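Here is the structure we will look at.
The values are calculated or read from the model by the stated rules, or taken from the named source; none is laboratory data. Everything quoted here is computed from the prediction, not taken from an experiment. We place every Cβ from the backbone using ideal geometry, glycine too, and count neighbours over all the protein chains shown. Just so you know, the surface numbers come from the protein's heavy atoms only, side chains and all, with ligands and any DNA or RNA stripped out. Shrake-Rupley method; radii C 1.70, N 1.55, O 1.52, S 1.80 Å.
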Amino acid sequence: NRMRADPGAECADVLVLRDGRVIRRASHPQTIAGRIEGRVWWFRDITAQEEERAQLHAVLESVNEAIVCSDEAGRIRVANPAASRLLDAASSELLRAPLHHYLRPEDESRGLALEAFASKSEGVITTHSGLRIPVEVSRAAAQLRGNTLYIYVMRDLREQLAREAEAR
């Protein structure tokens, strides 16, 4: 037990109860005049947050569109399985990679910054293996703990462009 080995240590963990509730448990030492005299414990029911997280995870895992989230510096923070397939890269390879290595605006005259994407526009992705794929990109921003998270939803346009070419 970590607390027995180091009574001054803070600890936190998550408990899953038999009835399905999820409890976050944390503890830190209580000191009086510089001496540890006991511990303060607190418990918080996080069942609702865990259920919401599981639902969001299920949505990200099941949608056909590629979804990538990047931080303010343009590093990929989240990539769903559809993004991994479209970009031909494992999720582990995508995480923390610069998004501009994969995604560029179709009209590069506006600059290569990811801000060049309007809320919905077209772009080109370059897969891990170098294949260039036209995509429709929807971009949105969200605030998360004081930081901006950019969400890119990408749809492969190859089939649509092939149908349009056949129709001409």
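Data overview
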{"quantity": "Cβ pairs under 7 Å, 6+ apart, first in the range 86-105 and over 16 Å from Leu149 (Cα atoms) and among the hydrophobic types (A, V, I, L, M, F, W, C), second open to solvent by 50 Å² or more (accessible area, probe 1.4 Å) and at pLDDT below 90", "calculated": "Leu87/His128; Ala89/His128"}
{"quantity": "Index of the failed condition, Ala167 passing every other in (1) open to solvent by less than 60 Å² (accessible area, probe 1.4 Å); (2) out of contact with any Asp or Glu (no Cβ under 7 Å at 6 or more places or on another chain); (3) among the hydrophobic types (A, V, I, L, M, F, W, C); (4) farther than 17 Å from Arg75 by Cα", "calculated": "(1)"}
{"quantity": "Total residues in the range 102-128, condition open to solvent by 90 Å² or more (accessible area, probe 1.4 Å) and either assigned to a strand (DSSP E or B) or modelled with pLDDT of 85 or more (or both)", "calculated": "1"}
{"quantity": "Pick from the range 135-164, criterion part of a strand (DSSP E or B) and touching a Pro at 6+ places or on another chain (Cβ under 9 Å), ranking: least open to solvent (accessible area, probe 1.4 Å)", "calculated": "Val137"}
{"quantity": "Any chance Ser91 is of a type outside the set (Val, Ile, Thr) and touching a Leu at 6+ places or on another chain (Cβ under 8 Å)", "calculated": "no"}
{"quantity": "Yes/no for Gln55 being open to solvent by 100 Å² or more (accessible area, probe 1.4 Å) and closer than 21 Å to Gln143 by Cα", "calculated": "yes"}
{"quantity": "Number of the condition not met by Ser84 [criteria: (1) open to solvent by less than 40 Å² (accessible area, probe 1.4 Å); (2) part of a strand (DSSP E or B); (3) modelled with pLDDT of 85 or more]", "calculated": "(2)"}
